[in-house]
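To start, the structure itself, in structure tokens.
The values are calculated or read from the model by the stated rules, or taken from the named source; none is laboratory data. Here the structure is a predicted model, which is why all the values come from computation and not from measurement. Because the Cβ atoms are built from the backbone with ideal geometry, glycine has one as well, and the counts that use them run over all protein chains shown. In case anyone asks, the SASA skips ligands and DNA or RNA and just uses the protein heavy atoms, side chains included. Shrake-Rupley method; radii C 1.70, N 1.55, O 1.52, S 1.80 Å.
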Amino acid sequence: MNGGKMINMQFSISLERIQTDAVKWSIDKKDYKTHNSLLECSAQKYLDYLYSNSLYLATENPSLINSVSYIAQKYVNCIVKVDVLDIQTEINLIESQMIESLFIPKNIDCGIKENIYVILKSLCNKYKVELRNLISKYSREHLLKVFYTNASVISYISAQSRYWKPTGEIDKNYINLISETFNAIYKFNSVLVNNFLGSEKKSYEYLIHFILNSSVEFQNIDDEIADIEGILKITRLLISTEQLLRNISFIYKSKGTINIENNQIYLNGPLNEKLNSYFNLDNENIINLQSEKINNIYREFEKKRGYSPFLLEEYLFKFEEKFLETRTFSTLIEDKALIFDIFSKTNQPEQAIKNMLEDLSLIPINEKDIYTQAFSNDNRLFRTPLIKISNYYLISYFILSESSSYFRYRILKNEIRNKLDKKLVNLVKEDFNELNLIDLKNKLENSNIPGDINFEFNKNSECKHLFENKKGLPQEIDGYFIKNNKLYLIELKNKDLHKSLNDISKSVKNTQSHLRSLNMLKKVIQQNKSLMQDVLGGEFSEVKIFLTHKFPHFLDGSYDEENEVTICSFKDLLNYCDKIL
């Protein structure tokens, strides 16, 4: 397990307590349905919270207010009276109170990284204590059911807010009112909705790992409604503050500062402007995961692992009658019952089904790793939504459906528990990661100049001795060409879009390492220019390097002076080639 030694393979959850009043399926018994009024009250409070927030987001524009009012009229029978809730203002108030309690000197120099580190560390500790105090009032099992149900609700609303296209008559219920309201706002400002719903999802990803893996001494109380709103506010503050704390070196190194003004924390400087610009990009990239080459990768994966992502999709979307409830937001299903149900529908081998369920399950972690593991793609709630409790799975049709949209991509990105072997890694590299290189190859062939793609230095008989046993030296280059006495070296990276400061900080660190490697390659070529001219098929007196990205990258449009590398999108590189070839 990445991120630390695993505690054990079982969560400390009582099956007896969690199955109380739950929708449950077992292999030899029928569905147990009971009316859980407490869970329903908790869900109702959370829906009120979501609707209140949607009404506040609608105040961004007068026309939105009219749209939201029109939608409400269609759901007149389920309208409840709620106040407009500005969640961020309330969170800011809590942050202000916490900072004030630290008695920070007014003349503190925020330009000194160490000063800010101490403040952020103190705040994180305070938020953790407050979170523990809030959740320790209830039983672990009760909170798990509440948080998991709410996560299922937010998964449903998130999907509907983006793809709301009702056909025929729809149920005029509260959750559809909220979904249609968010959809109206999404059409006006998708970033606004994505930010809010994304924060909700991150909170539940953190909270469920916290419930499952922390050493908090929970009470045996299942008959009180949890303060979900209070818990979510503290969780958001903890996540955002810990993110600043963990990336403080990157922030200050990147010409950013963390200031404290009026008992509020602000990220200032050129870095903040660049972050805002990047996060506001329209990053709704559609990745084609349906091509024949991609399907061939999945077939090869199936030979190794026993299943393909088609198995999950077939079970979820082809069969209406199944143990996995679509009428409830969470269900307990005995492991044997779930395996049997999938087998009876798909006729796939039992071991293949077990392997798939394993790759879709959360696993226990050390408490100190909660922050990093809660957002890792191979142990993250909305990627791996099954929670194994004794011989039962806690499962949600809606979260599992959302995870299926990531599952194909997770396999291609090698973000599954049992990693791809070398053959599959190379196949993914050729038919997915570097598929765009075909466009470059076509341009080179049409230009009739020296050049190629996927050129392997370490397999060329004339120069491979220069690359043997050289740590950190690239053994190949994704593309090159020689034009006007210049050698152009091109590297293509298929990096995911950055969704957070954590993502950017990690990616920039990895990029810096790669830039140094490319610079090493440049020096080897320059030091052995005569030989490399013969190997590459043309004369050159200058070497230019381009590090390109398939998707928008934080560093695109920049030039690394230390290593003399241009960083840009692959699309911009192709446009540049059109001009000079």
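Going by the structure shown, is ILE339 within 27 Å of the chain's Cα centre (by Cα) and closer than 30 Å to GLU40 by Cα?
Judged against the criteria, ILE339 is not a match.
Identify the single condition in (1) open to solvent by 20 Å² or more (accessible area, probe 1.4 Å); (2) farther than 25 Å from SER155 by Cα; (3) in contact (Cβ under 8 Å) with a residue 60 or more places away in the chain that TYR409 does not satisfy, given that it satisfies every other one.
TYR409 satisfies all of (1) open to solvent by 20 Å² or more (accessible area, probe 1.4 Å); (2) farther than 25 Å from SER155 by Cα; (3) in contact (Cβ under 8 Å) with a residue 60 or more places away in the chain except (2).
Among the residues of segment 484-527, how many are farther than 26 Å from ARG410 by Cα and among the polar types (S, T, N, Q)?
Total satisfying the criteria: 6.
Are there any pairs with C-beta distances below 8 angstrom linking a residue in segment 76-94 that is over 25 Å from SER199 (Cβ atoms) to a residue that is of a type in the set (S, T, N, Q), with the two at least 6 apart or on different chains, and if so which?
CYS78/ASN173
Among the residues of segment 195-242, write down those that are more than 23 Å from GLU402 (Cβ to Cβ), assigned to a helix (DSSP H, G or I) and not hydrophobic (A, V, I, L, M, F, W, C).
The answer is GLU229, GLY230, LYS233, SER240, THR241, GLU242.
Is there a residue being within 25 Å of the chain's Cα centre (by Cα) and among the hydroxyl-bearing types (Ser, Thr, Tyr) anywhere in segment 112-131?
The answer is yes, given that some residue of segment 112-131 is within 25 Å of the chain's Cα centre (by Cα) and among the hydroxyl-bearing types (Ser, Thr, Tyr).
Looking for something within 28 Å of LEU267 (Cβ to Cβ) and assigned to a strand (DSSP E or B) - is there at least one such residue anywhere in segment 534-552?
Yes.
Yes/no matrix, rows are residues, columns are (1) over 14 Å from HIS549 (Cβ atoms); (2) surrounded by fewer than 18 Cβ atoms within 10 Å (Cβ to Cβ):
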position: GLN475; (1), (2): yes, yes
position: LYS493; (1), (2): no, no
position: ASP496; (1), (2): no, yes
position: LYS499; (1), (2): yes, yes
position: ASN502; (1), (2): yes, no
position: ASN510; (1), (2): no, yes
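Among the residues of segment 208-220, are any within 24 Å of LYS499 (Cβ to Cβ), open to solvent by 40 Å² or more (accessible area, probe 1.4 Å) and touching a residue at least 12 places away in the same chain (Cβ under 8 Å)?
no
Of all residues in segment 75-89, which are in contact with an Asp or Glu (Cβ under 9 Å, 6 or more places away or on another chain) and at pLDDT 90 or above?
Within segment 75-89, just ILE87 meets the criteria.
Quick one: in segment 305-320, of everything that is in a helix (DSSP H, G or I) and under 16 Å from LEU424 (Cβ atoms), which residue is least open to solvent (accessible area, probe 1.4 Å)?
This residue is PRO309.
Would you mind telling me which numbered condition in (1) hydrophobic (A, V, I, L, M, F, W, C); (2) outside any strand (DSSP E or B); (3) open to solvent by less than 70 Å² (accessible area, probe 1.4 Å) LEU267 fails?
Checking LEU267 against (1) hydrophobic (A, V, I, L, M, F, W, C); (2) outside any strand (DSSP E or B); (3) open to solvent by less than 70 Å² (accessible area, probe 1.4 Å), the one that fails is (2).
Can you find a residue that is of a type in the set (Ser, Thr, Tyr) and crowded, with 18+ Cβ neighbours inside 10 Å anywhere in segment 242-249?
Checked segment 242-249: no residue is of a type in the set (Ser, Thr, Tyr) and crowded, with 18+ Cβ neighbours inside 10 Å.
Are there any pairs, at least 6 apart or on different chains, whose C-beta atoms fall under 8 Å, with the first in segment 468-487 and under 13 Å from LEU518 (Cα atoms) and the second part of a loop (DSSP other than H, G, I, E, B) and open to solvent by less than 50 Å² (accessible area, probe 1.4 Å), and if so, which?
Here the result reads LEU473/PHE467; GLN475/PHE467; ASP478/GLU434, each pair linking segment 468-487 to a residue that is part of a loop (DSSP other than H, G, I, E, B) and open to solvent by less than 50 Å² (accessible area, probe 1.4 Å).
Looking at (1) in contact with a Lys or Arg (Cβ under 8 Å, 6 or more places away or on another chain); (2) modelled with pLDDT of 95 or more; (3) closer than 30 Å to PHE196 by Cα, which is the only condition LEU555 fails?
Tallying (1) in contact with a Lys or Arg (Cβ under 8 Å, 6 or more places away or on another chain); (2) modelled with pLDDT of 95 or more; (3) closer than 30 Å to PHE196 by Cα, LEU555 fails exactly one: (1).
Before we move on, is TYR298 surrounded by 14 or more Cβ atoms within 10 Å (Cβ to Cβ), more than 21 Å from the chain's Cα centre (by Cα) and either not in a loop (DSSP other than H, G, I, E, B) or not hydrophobic (A, V, I, L, M, F, W, C) (or both)?
Yes: the conditions hold for TYR298.
May I ask you to list the residues in segment 160-190 that are hydroxyl-bearing (Ser, Thr, Tyr) and assigned to a helix (DSSP H, G or I)?
Scanning segment 160-190 gives SER161, TYR163, TYR174, SER179, THR181, TYR186, SER190.
Can you pull out every residue in segment 380-403 that is over 22 Å from SER14 (Cβ atoms) and either at pLDDT below 95 or open to solvent by 20 Å² or more (accessible area, probe 1.4 Å) (or both)?
Answer for segment 380-403, where residues must be over 22 Å from SER14 (Cβ atoms) and either at pLDDT below 95 or open to solvent by 20 Å² or more (accessible area, probe 1.4 Å) (or both): ARG380, ARG383, TYR397, PHE398, SER401, GLU402.
Can you list the helices (runs of 4 or more DSSP H) lying wholly within segment 321-386 that have 2 or more residues being of a type in the set (S, T, N, Q), over 19 Å from LEU420 (Cα atoms) and free of Cβ contacts under 8 Å to residues at least 40 places away in the same chain?
335-346
Are any of the residues in segment 263-282 of a type in the set (Val, Ile, Thr) and touching a Lys or Arg at 6+ places or on another chain (Cβ under 7 Å)?
no
Which one of the conditions (1) small (Gly, Ala, Ser); (2) at positive phi; (3) open to solvent by less than 30 Å² (accessible area, probe 1.4 Å) does SER517 fail to meet, given that it meets all the rest?
Unmet condition: (2).
Given the criteria part of a loop (DSSP other than H, G, I, E, B) and farther than 30 Å from PRO349 by Cβ, does ILE258 qualify?
It is false that ILE258 is part of a loop (DSSP other than H, G, I, E, B) and farther than 30 Å from PRO349 by Cβ.
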